[in-house]
1. Restricting attention to region 315-360, which residues are part of a helix (DSSP H, G or I), of a type in the set (G, A, S) and in contact with a strand residue (DSSP E or B) (Cβ under 9 Å, 6 or more places away or on another chain)?
2. Can you say whether R341 is more than 24 Å from M584 (Cβ to Cβ) and of a type in the set (K, R), as far as the supplied structure shows?
3. Regarding region 264-281, can at least one residue be identified that is outside any loop (DSSP other than H, G, I, E, B), of a type in the set (S, T, N, Q) and at pLDDT 95 or above?
4. Could you go through region 464-477 and let me know if any residue there is aromatic (F, W, Y) and open to solvent by 20 Å² or more (accessible area, probe 1.4 Å).
5. Between residues in region 633-650 that are among the polar types (S, T, N, Q) and residues that are part of a strand (DSSP E or B) and crowded, with 24+ Cβ neighbours inside 10 Å, which pairs lie under 8 Å by C-beta distance while being six or more apart or on different chains?
6. Out of all the residues in region 245-263, which are part of a helix (DSSP H, G or I) and either among the aliphatic types (A, V, I, L, M) or touching a residue at least 12 places away in the same chain (Cβ under 8 Å) (or both)?
7. Condition (residue is under 30 Å from F680 (Cα atoms) and either surrounded by fewer than 20 Cβ atoms within 10 Å (Cβ to Cβ) or hydrophobic (A, V, I, L, M, F, W, C) (or both)) applied to region 363-381: is it met by at least one residue?
8. If the Cβ limit is 9 Å and pairs must be 6+ apart or interchain, which residue in region 476-493 that is over 17 Å from T430 (Cα atoms) pairs with which residue that is outside any helix (DSSP H, G or I) and among the basic types (K, R)?
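The values are calculated or read from the model by the stated rules, or taken from the named source; none is laboratory data. For clarity, every value in this text was computed on a predicted model and none was experimentally measured. Cβ coordinates were reconstructed from backbone atoms using ideal geometry, including for glycine residues, and neighbour counts include every protein chain displayed. SASA here: full protein model, heavy atoms, side chains in, ligands and nucleic acids out. Shrake-Rupley method; radii C 1.70, N 1.55, O 1.52, S 1.80 Å.
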Amino acid sequence: MNATGKVLRLAAMGAAAGVLVAGIALPAVGGAGVGLVSAVEDVGLEPRDLAEPPLAQVSVVQDVKGHEIARFYEQYREVVPLDHIADIMKTAIISIEDYRFYEHGPIDIEGTVRALAKNLQSGGVAQGGSSITQQYVKQVLLNAAQTEEEKNKALAPSYARKLNELRYAMGVEEKYSKDEILEKYLNIAYFGAGAYGVEAAAKRFFGVSASELTLSQAATLAGAVQDPNATDPNLGKTSRDRLLKRRNVVLDRMAELNKITKDQAAEAKKARLGYKGTPLPGGCESSTYPYFCVYVRNEILRNPDFGKTAKQRLAFLNRGGLTIRTTIDPTMQAAADKAIRKWVHPSDNPVAAEALVQPGTGAIKAMAASRPYGTRKSKNQMSYNLVADAAHGGGIGFQAGSTFKTFTLLTALKQGMKINDGFSAGAGYTAPGASAFKTCAGGAVGDPNWTVTNDEGSPGWLTLQTGTWHSVNTFFMELEHRVGLCDVVKTAKSLGIHRSDGTALHEFETFTLGINEMDPVTVANAYAAIGARGRYCAPMAITRITDSTGKTTDYRAKCRQALDPEVADAAAHILSGVLTKGTMAAVGGIGRDAAGKTGTTDASAAAWFAGFTPDLAGAVSLGDPRGSSKYKLNGVTIGGRYYGSVFGASVPGPIWKDTMMGALRGVPPTDFTPVDAGRFGGCGDSCRSLVSVTPPTGDDGPLPGDNTPVTILPN
């Protein structure tokens, strides 16, 4: 008996038994072109349970109000139920792929025999004869493959692979109804152009949902699944021509099966392909808030809360079909964006970056920068996160300048100094010896051959208040020497301060002058802790994740008491004077209790302002990403304005002020807690002896009204 006869006999046996027991068309292993397996007892063909890992689905990122802001995915897919798919789409796919789908079991014996006969005639594999159930099994195995070896095994032209598929197909048919199998197949199939599943394909190809597909569109998608790479319309005219021909084949088949009339087929053939190539949403470049998007992505990829290994975390994000609720606030983000646009242009060489953080929770409310984010080579685009540290997609940051003086101030208050305690500061400061300062590791630092100066010169007797208001370098060098370098470093670390590049903090005597490179999120978060009366919370971007099954996990702020609340209150009191009596006086306050500190690095290499209220904190950096030490902020035009030298109050301060006024509009103001006068002194009944002095010029720029006396209390 010849091969065809054997298969016909076995096919009859299988049909009589009501199950698949014989007849498998396979590619050649040797030279015969087709191999045959002819009986159940020879191959042990019994149903096998198919492991069906969750399909890779799109993860959606939302803002604090639930509005979508970004998408992440490995495979762009949106799983939909069968009743959300147009009937004409179901008809088209069944007509061309498995027209007896609702009539046969896990294998179409008739189709298999037909395919085998065709293969015997051709001497190769002209037809596959696989049922939709078999195709579904193949897609599941392919999608579950983690390595190239596993993927190749899932596609191998071997007896073992085909037999396993059949066993799994039998198990699938026992487990699910035909409608359920069809739904699963339409959601797993790849249609080309990066679209997985019929819903994504309908949107990608035609800009409609799967429920809205027309006859011509449905036939196009049904035709694409046979060889989606060859008919990918995104690859150009040749591929589109192939897809158009394939669509017409589907239409002819539908008419042949009387699923549509010949006139309907002819009319549908007249339609153009109609491929729209709707951009696949997703990725941070297309996000409304790209820098925050980069932060969220890196937070998931590096945080063990979202998976034990990097591979697990990547799969969690890109395959999990997650809904990720975040902390970003559209109103506050809009205020930050608007303020930065007002003061710095995208085409400017210096770049401004700003972060807003909520005191008491660490919630990041806004991340903005003067240049757009993107990976294309463009002068006006940044390919890294300007607002965050390297662990969240950022770079090395900029030296934080005098914003670090706040940590020395806090340390002095912690050690018992009162707000009006002070001493005489000279025009220059030289370390009294090579071991005048001690690092936290016990090392000695201090260069007795180098003198720290005040840019404009401000010798005189200063208190914690006046020294801070006017940001006097020599005062803070002496103050750091008195309270101890290591204690200042410890205070900074307790508030989450770490270098943007992830390396250890540089512990030199000039630590208080802000020699470490920082990012706005880290600095804003440290200042937020002061606004929260010493309660430090790690920066937080994600509040809730709902997976594809509907399971929801809430994430809480990770907080601790880093400062004595009364120490934080005293610092807030002093820092509030920066806005009214100090380096920010010309810029002014925001109409509610607020405090902060300007920061300007040596020779205006970078400029900062960090400030806070009890309700919101923010930090703004300004520097040239080409290299701040080489490209300083002197003789520059920023935002259409020329600056001889840029200080913390020149650009960062006004950005912060405009942002805060916009972000807090409509938010009831919260007052700072008054200073404990008994512990830290103050201007209550005990302030009887007042001295009128002329304030010195500060190191963060010329002060407004330099000749206007201010009242201070001598020690």
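1. Across region 315-360, the qualifying residues are A334, A335, A336, A339.
2. Details: more than 24 Å from M584 (Cβ to Cβ): no; of a type in the set (K, R): yes.
Against the criterion (more than 24 Å from M584 (Cβ to Cβ) and of a type in the set (K, R)), R341 does not qualify.
3. The initial filter retains those residues of region 264-281 that are outside any loop (DSSP other than H, G, I, E, B), namely 264-270.
Going one step further and asking which of them are of a type in the set (S, T, N, Q), we end up with 264.
Applying the additional criterion that residues be at pLDDT 95 or above yields 264.
Yes, region 264-281 contains at least one residue that is outside any loop (DSSP other than H, G, I, E, B), of a type in the set (S, T, N, Q) and at pLDDT 95 or above.
4. So in region 464-477, the residues aromatic (F, W, Y) come out as 469, 475-476.
Remaining after also requiring open to solvent by 20 Å² or more (accessible area, probe 1.4 Å): none.
No, because not a single residue in region 464-477 is aromatic (F, W, Y) and open to solvent by 20 Å² or more (accessible area, probe 1.4 Å).
5. If the second residue must be part of a strand (DSSP E or B) and crowded, with 24+ Cβ neighbours inside 10 Å, the pairs left are S645/G701; S650/A607; S650/G701.
6. In the first step, residues of region 245-263 are kept if they are part of a helix (DSSP H, G or I); the result is 245-256, 262-263.
If the condition is that a residue be part of a helix (DSSP H, G or I) and either among the aliphatic types (A, V, I, L, M) or touching a residue at least 12 places away in the same chain (Cβ under 8 Å) (or both), then R246, R247, N248, V249, V250, L251, D252, R253, M254, A255 are the ones that fit.
7. First pass over region 363-381, keeping only residues under 30 Å from F680 (Cα atoms): none.
No, every residue in region 363-381 fails to be under 30 Å from F680 (Cα atoms) and either surrounded by fewer than 20 Cβ atoms within 10 Å (Cβ to Cβ) or hydrophobic (A, V, I, L, M, F, W, C) (or both).
8. C486/K438
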